[in-house]
Amino acid sequence: MSTSNPIIATNTAVRAKAESTYGVAALTADGDAVIANKVTVKIDHKTIDANLVTPTRGGKAKKFSYTDASIDIECDLALGGANEVPVPGSLPQWDILARACALQRLFNSTATTNALVAGGRSNVTLDAGESEVDGFYAFHSLSVAILSGTAQASGSAAKNVMKLAAATAENSGTADGDSTTTLIILGGNPSGIDDDYVGQTIVLNGESRTITAYNGTTHAAIVGTAFSDPTGEEPYKILFSNAKMSGYLIAVKHYNGTIIDTFSFNSTTNAICLPYSVVGTQNLAGMYIKITTGGNDPETLRIGAYDVSIRKATLNGTLANNPNNTSTFEIIEKRTIAAFNPDTVIATVSSNFYKAPAAGATYSIEQARVITSYTGATQVCAVSPPFSQYVATGADYTLNPYIQYTQLPSKTGEASATIEWFNDGLFYRFVGCKGSAVFGLDADTSAIGTFSLKGSLDVYDDVDMPDNEMLSRYVPSQVVCADTINSRLIVGFADAVVHKWSADLGNDVQYRNVPGDKRAYITDCNPMLKITVDKGLKVDWDYQGLLQANTKLPTFVALGDMGNQVILGFPQTQITACPDSNTNSVMTADLELMVKSDFKIVLN
């Protein structure tokens, strides 16, 4: 069989399995399937006359045969694994495909919590026990507790609202004695950024005023309307604005108690038995369990499934040790704040809580940021963008669970894959598959990955299996992150409005084409990043100047909210071209950036 025309199918499925021995078909299994938006296969059957290699005795020619195969698989980056969503604790469906493209995987399903050694806004210092390897946490997510409190009764039965503590404030303290009725000199470790509080409300002596100017050096806030009385050394508070509170994570503690180590089953490192007297009949799937004392303190894992009848919480990940009846726990639910009313202190979240927060429930407000660089010797990490307010020394932080893919440091040792595909009454199996990938996004589409693999055809059979059989039997339902089309780009720590982008691994895959050895191998890696951004970005970021100066700068693209987020991070990029263009009647710049160091794909 030989074909020069590609075979193309859409909305189909393939199965992939890592090979333990190169070119030897691996046994595929349930859960290895990938829903593909598009599959393109090109097959080329070749023969080589043995006499062309070495003469054969007796003059009778012998031929070596082999069949080259190119397989392009396009799928959504948001495709989940066993639990159908790409959250840490479950691998994405495209995991095997990525590993066949010379990407190695690092996996940590457990969140760790500690206290900051030093606070800040752009840089914070983690606990001394964290990694000593430079760059280890680069492009991972870091959540820091900004404030905490006790919920009030919201007065609503809606599950997407929560009334915060009455004392909720971004900054509070005692005004300096040199303050006046229109100029308030703030205490209480206020922001060091000019105009950071402009437009927000300051409450002093029972009166509320709007801040019209703020000096980050002197900490002087100017109000548009004078206070009635001289201020002097009076307590004040600055209320959060809707703009600042929106986007924060709110973590509500619903329950706390002690684990049961034996009931209808014994608690293990990934399945925990909880007491009925504490959790009742509430379905806890999707919530988080935090171990607060015992051998696993302070690990936090997401509950992937929950059996109410026996109160069995199955975890998306594994604890370090088996819990027992001395281990205490908290059940926490996290949501993103979509809107906030500073007058009523009511927060509206982006999606309903599974359990409506009760009056008296304790909570913390967290802000999640992407770590852009990390120094192992000092545990100092830079974040982008900066925290919206100063984070205090001693504040609790969480290094969130992650799945990470990085380029292999050498051209050897990359995995190969067996790929199976059913199409139009024919079953194909390809072995020894290796390749490259392009990740990207165009406006109004989901982020996708296209895996271009080369291998050899191993099986080609007529079968009677219906075309949708692989979809119905092997593939979990497709789940796409809600915000994947709203990607966020940071280039050199400057936010950009991104219209489209693509990141090409740049692997060059060749065949040996030696009789008896049809190995595909990766000969070179030249990753490249292309981005289309609003031309107006140059007001904040002189990309023409950076091009001329050959400046190296970090770049990352973040897709989706934390917990269902895909990040493509590049520690060092260098602009090679930036021509102007026009995208949907908007003046844009088409940036080409050469990737100067290994990059990461991180699911946070």
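The values are calculated or read from the model by the stated rules, or taken from the named source; none is laboratory data. If you're wondering where the values come from, they're calculated on a predicted model, not measured in any experiment. Cβ: placed from backbone, ideal geometry, glycine included. Neighbour counts: every protein chain shown. Side chains included, ligands, DNA and RNA excluded: accessible areas come from the protein's heavy atoms. Shrake-Rupley method; radii C 1.70, N 1.55, O 1.52, S 1.80 Å.
Put +1 on the Cβ of each Lys and Arg and -1 on the Cβ of each Asp and Glu in the stretch 171-239; which of 218, 201, 174 then has its Cα farthest toward the positive end of the dipole? The one lying farthest along the dipole's positive direction is 201. Computed from the C-beta positions of residue 134 and residue 351, the FRET efficiency with R₀ = 41 Å rounds to 0.65. Per-peptide packing, taken as the mean over residues of other Cβ atoms within 10 Å, places 188-194, 568-574 in the sequence 568-574, 188-194 from highest down. Summarising the overall dimensions of the stretch 156-280 from its C-alpha atoms, the Rg and Dmax are 22.2, 68 angstrom. Annotation for residue 283 and residue 528: the two label points, set 7 Å from Cα along the Cα-Cβ direction, are 4.9 nm apart.
Our coupling estimate for the stretch 447-453, obtained by passing each phi through the Karplus curve with A = 6.51, B = -1.76, C = 1.60 and θ = phi - 60°, is 5, 10, x, 10, 9, 9, 10 Hz, Gly and Pro reported as x. Treating only the Cβ atoms of Lys and Arg (+1) and Asp and Glu (-1) as charged, compute the dipole magnitude of the stretch 195-321 about its Cα centre; round to the nearest 20 debye. With Lys and Arg at +1 and Asp and Glu at -1, about 540 debye.
Using θ = phi - 60° in the Karplus curve 6.51 cos²θ - 1.76 cosθ + 1.60, the 3J(HN,Hα) couplings for the stretch 171-179 round to 8, 8, x, 10, 5, 5, x, 8, 5 Hz; x is entered for Gly and Pro. Around the Cα centre of the stretch 171-239, unit charges on the Cβ atoms of Lys, Arg, Asp and Glu (plus for the first two, minus for the last two) sum to a dipole of about 160 debye.
Summarising the amide proton neighbourhood of residue 101: residues at separation of 5 or more, or on other chains, whose placed amide H is nearer than 5 Å comprise 435.
Per-residue Karplus couplings for the stretch 305-322, computed as 6.51 cos²θ - 1.76 cosθ + 1.60 with θ equal to phi - 60°, are listed in order as 8, 9, 9, 5, 5, 10, 6, 9, 9, 8, 8, 7, x, 9, 6, 5, 9, 5 Hz, Gly and Pro entered as x. Descending by average beta-carbon neighbour count within 10 Å, the peptides 353-359, 67-73 line up as 67-73, 353-359, the highest first.
In this structure, the pairs whose alpha-carbon distance is over 32 Å, taken from 290/596; 334/530; 38/244; 253/530; 159/290, are 290/596; 334/530; 38/244; 253/530.
A 1.4 Å probe run over the stretch 171-239, with the rest of the protein chains in place, finds 46 Å² accessible per residue.
Taking label positions 7 Å along the Cα-Cβ direction at both residue 305 and residue 586, the computed distance is 4.3 nm, reported to one decimal. Rounded to the nearest 0.05, what FRET efficiency is calculated for residue 194 and residue 392 with R0 set to 22 Å and r the Cβ-Cβ distance? Efficiency, rounded to the nearest 0.05: 0.60. Protection proxy ranking for 122-134, 319-331, using the average of other Cβ atoms within 10 Å per residue and placing the highest first: 319-331, 122-134.
Nearest 0.05, what FRET efficiency do residue 37 and residue 181 give at R0 = 56 Å with Cβ-Cβ as r? With R0 = 56 Å, the Cβ-Cβ based efficiency is 0.30.
Across the stretch 171-239, Cα-Cα distances exceeding 13 Å account for 55% of all pairs. On full extension, the segment bounded by residue 160 and residue 358 gains 70.0 nm, given 0.36 nm per residue less the C-alpha separation.
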